[in-house]
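The values are calculated or read from the model by the stated rules, or taken from the named source; none is laboratory data. Since the structure is predicted, the reported quantities are computational estimates derived from the model, not experimental observations. Glycine gets a Cβ as well: all are built from the backbone with ideal geometry, and neighbour counts include every protein chain shown.
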Amino acid sequence: MNLKNVVFFCFIALFFAKCSPSGEEEILSTYPNGAPLRVGYFRWKGNEKEYLKIVYFHSNGKKERIEEMKNGKKNGTCVYFRENEKKWLEENYLGGVKNGETIGWYQSGEKEFQGFYKNGLPDGKWKFWDENDNLIRTIFYENGKEVKREP
């Protein structure tokens, strides 16, 4: 790893440390070249580390996903990124289970779908768009079962 890469990865680590709700971070795993694959942000709870956020990186050094955590489980918003750093998925979790709004985007950046989860199951209205931002389908769910589809 050359000096330029080392400086770049140190900058990324410092940036996330400053943006972190906690002051401590830990590189949890690395790529074979030593670049970070997973970085955890934590606070001490007694003698235990409580992870508040895990950030994953693509091999090119750009963010792959950010997962908010509580008690060792996904909790809050989890955001997934393409290698070009464009968002492709945003989900919400409660205690490790999908709960709340989820949104997906095409590679172009246009919205692909938007819906809700309740206790890990699709629930309520889900909308789907084509890549030209035209609404192509709406599906209604109750407890994970499709109850209505338009058109």
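Do we have any residue at all in segment 46-64 that's of a type in the set (D, E, K, R) and out of contact with any strand residue (DSSP E or B) (no Cβ under 6 Å at 6 or more places or on another chain)? Yes, that holds for at least one residue. The set of residues from segment 28-68 being among the aromatic types (Phe, Trp, Tyr), assigned to a loop (DSSP other than H, G, I, E, B) and closer than 18 Å to Glu90 by Cβ is empty. Checking Val39, Val79 one by one, the residue that is crowded, with 19+ Cβ neighbours inside 10 Å, of a type in the set (A, V, I, L, M), within 15 Å of the chain's Cα centre (by Cα) and at pLDDT 95 or above is Val39 and no other. Residues of segment 123-142 that are surrounded by 14 or more Cβ atoms within 10 Å (Cβ to Cβ) and part of a loop (DSSP other than H, G, I, E, B): Asp123 alone. On the basis of being buried (at least 17 other Cβ atoms within 10 Å of the Cβ) and without any contact (Cβ under 8 Å) to a residue 40 or more places away in the chain, does Lys62 make the cut? Spelling it out, it is not the case that Lys62 is buried (at least 17 other Cβ atoms within 10 Å of the Cβ) and without any contact (Cβ under 8 Å) to a residue 40 or more places away in the chain. Picking from residues in segment 82-115 that are of a type in the set (Ser, Thr, Tyr) and within 30 Å of Lys49 (Cα to Cα), the one that is surrounded by the fewest Cβ atoms within 10 Å (Cβ to Cβ) is Thr102. With the condition kept exactly as written, say whether any residue in segment 97-105 is more than 30 Å from Asn60 (Cα to Cα), assigned to a loop (DSSP other than H, G, I, E, B) and touching a residue at least 12 places away in the same chain (Cβ under 8 Å). Yes, that holds for at least one residue.
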